[in-house]
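The values are calculated or read from the model by the stated rules, or taken from the named source; none is laboratory data. Computed from a prediction, not measured in an experiment: that's the story for all the values here. As a convention, Cβ positions derive from the backbone with ideal geometry for all residues, glycine included, and neighbour counts pool all protein chains shown.
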Amino acid sequence: MERRTFLQTMGMATGVMAGAESRPNVVLIYADDVGYGDLGCYGATAVKTPHLDRLAGQGMRFTDAHSSSATCTPSRYSMLTGEYAWRKKGTGVLPGDARLILDPERLSWPGMMKRAGYRTGVVGKWHLGLGTGNLDWNGEIKPGPLEVGFDSAFVMPATGDRVPCVYMKDRRVVGLDPKDPIRVDYTKPIGDEPTGKKNPELLKMQPSHGHDMAIVNGVSRIGYMTGGKSALWVDEDMAGRYVEEGGRFLEESKKDPFFLYFATHDIHVPRVPNKRFAGKTTMGARGDAIAELDWSVGQLLGRLDKLGLTKNTIVMFSSDNGPVVDDGYKDAAVEKLGSHRPAGALRGGKYSNFEGGTRVPLLLKWPGRVKPGVSDALVGQQDFFASFAKLSGQVLKEWEAPDSVDVLPALLGESKRGREWIVEHARALSIRKGEYKMIEANAGVMSNPSTNTEMGGGGKAQLYKVSEDLGEKKDLAGLMPEKVAELGALLGKVKSGPVRQ
């Protein structure tokens with residue numbers, strides 16, 4: 001069954017035109033752990049983000065945009081599949097040796113773009129698993145990005161704080177010496193290699209909790225690894241390497257429509273920015289990593305300008321979840337935070353059921369097509385799939401991207417209306433509809449002492465009128481049981497299967 005019909009010649013209300021102009025290039029810059037209040041265009045003053053602020057000033061800035069989860073792997077899964085990650089087991093935060101959680105037989109967002117005639121590429125953080133289990137890092141690694149819709153890939157397998165600390169180009173580890181094979185284990189140490197726990201004197205950055213296993217580049221990570229010495233990354237060079245690879249993709253793709261998923265490491269831990277950014281802010285490594293992130297954005301925007309691609313390229317910027325200050329390393333981020341509020345006026349952050357967990361920056365620029373402005377439309381990153389299917393003239397089947405909603409008019413600034421409701425995912429599920437948000441009853445904790453994050457746990461459902469109480473300070477559940485019941489019923493219906501809106 002076809003889910004929606006595409007008209008070859010659409011009305012101006014959609015902002016889409018037939019022919020070549022209906023296939024603008026698309027660049028998604030997807031940052032890691034950037035909070036709602038971390039950028040100048042969202043109110044930050046302690047750190048300068050001129051390139052992101054310029055992007056915001058030239059396009060739409062969204063104030064009610066959401067990642068689908070308060071953690072990274074499930075947000076990425078949902079965005080690329082159009083399906084809430086909590087519907088599928090095994091989509092939590094993955095170890096570095098996890099098997100691929102995307103189904104190569106199922107249409108993905110990049111696969112849909114490829115079907116529409118786009119050249120597709122991914123650069124940066126992957127963290128969606130690789131292979132089918134018992135992965136051999138020393139040969140051809142598949143299935144992976146190329147099997148789920150990307151024409152080219154230059155990625156780190158998982159995260160900066162997880163082994164293996166190497167880059168992959170398409171299906172192979174970059175720079176690997178076959179005489180020095182890689183071994184990875186997440187259950188026990190390998191041989192007598194030093195670890196952060198046993199050999200803290202070897203570290204240039206001490207862990208605050210966890211992160212005390214294999215040592216690479218003077219930083220201890222999650223998981224154990226040996227071998228691959230010639231392939232190991234240098235953290236300080238990572239942002240520059242990704243910019244280089246992203247620029248190469250743009251150069252190689254300039255003659256045809258392209259889709260680039262540029263997933264930064266910044267500002268995830270370990271925060272080890274290049275020396276030219278170290279000390280550039282008063283906020284320590286976290287602030288300096290934000291400055292490095294902004295530089296990366298500026299480099300990509302500059303490359304588009306140089307190649308003459310800016311006019312017909314949609315550039316989007318967002319983050320995979322909300323902010324965290326101490327996420328496992330003693331990098332002075334807590335001590336030097338000062339008056340900066342990473343989540344802005346929101347409560348919570350990464351891992352949290354509160355708005356700070358999933359309400360994230362979203363910027364979108366399309367010169368000559370999207371008028372600069374600010375939108376409070378409710379949109380989710382899982383909606384990119386259906387929206388860009390509409391933009392590129394694709395017809396989705398009923399079972400494809402089941403939780404994705406076509407919010408293209410809102411993304412293009414042509415409508416103030418986005419979704420009617422959205423499900424937010426952290427340790428529990430929450431549902432937002434209209435002015436209200438309900439957090440379902442859950443056994444989670446109220447706060448996480450390791451990250452100093454308010455988690456929103458509680459044995460009873462919570463209800464907040466977010467239109468007036470953005471910081472979710474006043475729980476109205478006891479005063480409005482009928483609203484709790486209404487939202488609870490809707491959430492229960494969504495949990496039983498996709499619900500169209």
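The figures follow:
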quantity	calculated
Selection within region 473-501 - loosely packed, with under 13 Cβ neighbours inside 10 Å and among the aliphatic types (A, V, I, L, M)	479, 485, 489
Residue check, residue 466 in the same structural domain as residue 363 (by TED's automatic domain parsing), on the phi < 0 side of the Ramachandran plot and in contact with a strand residue (DSSP E or B) (Cβ under 8 Å, 6 or more places away or on another chain)	no
From the options 407, 445, residue that is in the same structural domain as residue 348 (by TED's automatic domain parsing) and without any contact (Cβ under 8 Å) to a residue 60 or more places away in the chain	407
Inter-residue pairs, beta-carbon under 9 Å, first more than 20 Å from residue 85 (Cβ to Cβ) and acidic (Asp, Glu) and in region 420-440, second modelled with pLDDT of 95 or more and in a strand (DSSP E or B), 6+ apart	420/433; 435/465
Filter result for residue 176 (more than 25 Å from residue 90 (Cβ to Cβ) and either surrounded by fewer than 22 Cβ atoms within 10 Å (Cβ to Cβ) or aliphatic (A, V, I, L, M) (or both))	yes
Single residue of 352, 339, 375, 318 found to be over 30 Å from residue 461 (Cβ atoms), in the same structural domain as residue 38 (by TED's automatic domain parsing) and either of a type in the set (Gly, Ala, Ser) or under 20 Å from the mean Cα position of the chain (by Cα) (or both)	339
Which numbered condition residue 197 fails, given (1) within 24 Å of the chain's Cα centre (by Cα); (2) not assigned by TED's automatic domain parsing to the domain that holds residue 33	(1)
Helices (runs of 4 or more DSSP H) lying entirely in region 31-149 (those with 2 or more residues that are more than 17 Å from the chain's Cα centre (by Cα))	50-57, 109-115
Strands (runs of 3 or more DSSP E) lying entirely in region 332-444 (those with 2 or more residues that are more than 26 Å from residue 39 (Cα to Cα))	429-433, 436-439
Residues satisfying the stated conditions in region 156-173, i.e. in a loop (DSSP other than H, G, I, E, B), under 20 Å from the mean Cα position of the chain (by Cα) and over 20 Å from residue 329 (Cα atoms)	157, 167
Hits in region 456-472 (condition: among the small types (Gly, Ala, Ser), crowded, with 16+ Cβ neighbours inside 10 Å and at pLDDT 95 or above)	461, 471
Leading residue by the ranking (surrounded by the most Cβ atoms within 10 Å (Cβ to Cβ)) among those in region 51-75 that are touching an Asp or Glu at 6+ places or on another chain (Cβ under 6 Å) and not polar (S, T, N, Q)	52
Only listed residue being among the basic types (Lys, Arg), in contact with a helix residue (DSSP H, G or I) (Cβ under 6 Å, 6 or more places away or on another chain) and surrounded by fewer than 21 Cβ atoms within 10 Å (Cβ to Cβ), chosen from 306, 336, 330	336
Condition broken by residue 177, with the remaining ones in (1) in contact with a Gly (Cβ under 6 Å, 6 or more places away or on another chain); (2) over 17 Å from residue 327 (Cβ atoms); (3) acidic (Asp, Glu) satisfied	(1)
Unmet requirement for residue 479, which otherwise passes all of (1) part of a loop (DSSP other than H, G, I, E, B); (2) under 20 Å from residue 70 (Cβ atoms)	(2)
Total residues in region 384-422, condition within 23 Å of residue 41 (Cα to Cα) and under 18 Å from the mean Cα position of the chain (by Cα)	2
Of residues in region 370-393 being touching a helix residue (DSSP H, G or I) at 6+ places or on another chain (Cβ under 9 Å) and among the charged types (D, E, K, R), the one farthest from residue 411 (Cα to Cα)	390
Among (1) within 21 Å of residue 400 (Cβ to Cβ); (2) crowded, with 24+ Cβ neighbours inside 10 Å, the one test that residue 115 misses	(2)
Residue 104 being without any contact (Cβ under 8 Å) to a residue 60 or more places away in the chain, surrounded by fewer than 23 Cβ atoms within 10 Å (Cβ to Cβ) and not aromatic (Phe, Trp, Tyr)	yes
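To keep it simple, each residue is scored yes or no on (1) modelled with pLDDT under 95; (2) outside the structural domain of residue 45 (by TED's automatic domain parsing); (3) not small (Gly, Ala, Ser).
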site	(1), (2), (3)
253	no, no, no
273	no, no, yes
279	yes, no, no
284	no, no, no
289	no, no, no
300	no, no, yes
304	no, no, yes
312	no, no, yes
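Let's see how each residue does on (1) surrounded by fewer than 18 Cβ atoms within 10 Å (Cβ to Cβ); (2) touching a Phe, Trp or Tyr at 6+ places or on another chain (Cβ under 6 Å); (3) over 21 Å from residue 425 (Cα atoms):
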{"position": "88", "(1), (2), (3)": "yes, no, no"}
{"position": "91", "(1), (2), (3)": "no, yes, no"}
{"position": "94", "(1), (2), (3)": "no, no, no"}
{"position": "119", "(1), (2), (3)": "no, yes, yes"}
{"position": "122", "(1), (2), (3)": "no, yes, yes"}
{"position": "126", "(1), (2), (3)": "no, no, no"}
{"position": "133", "(1), (2), (3)": "yes, no, yes"}
{"position": "136", "(1), (2), (3)": "yes, no, yes"}
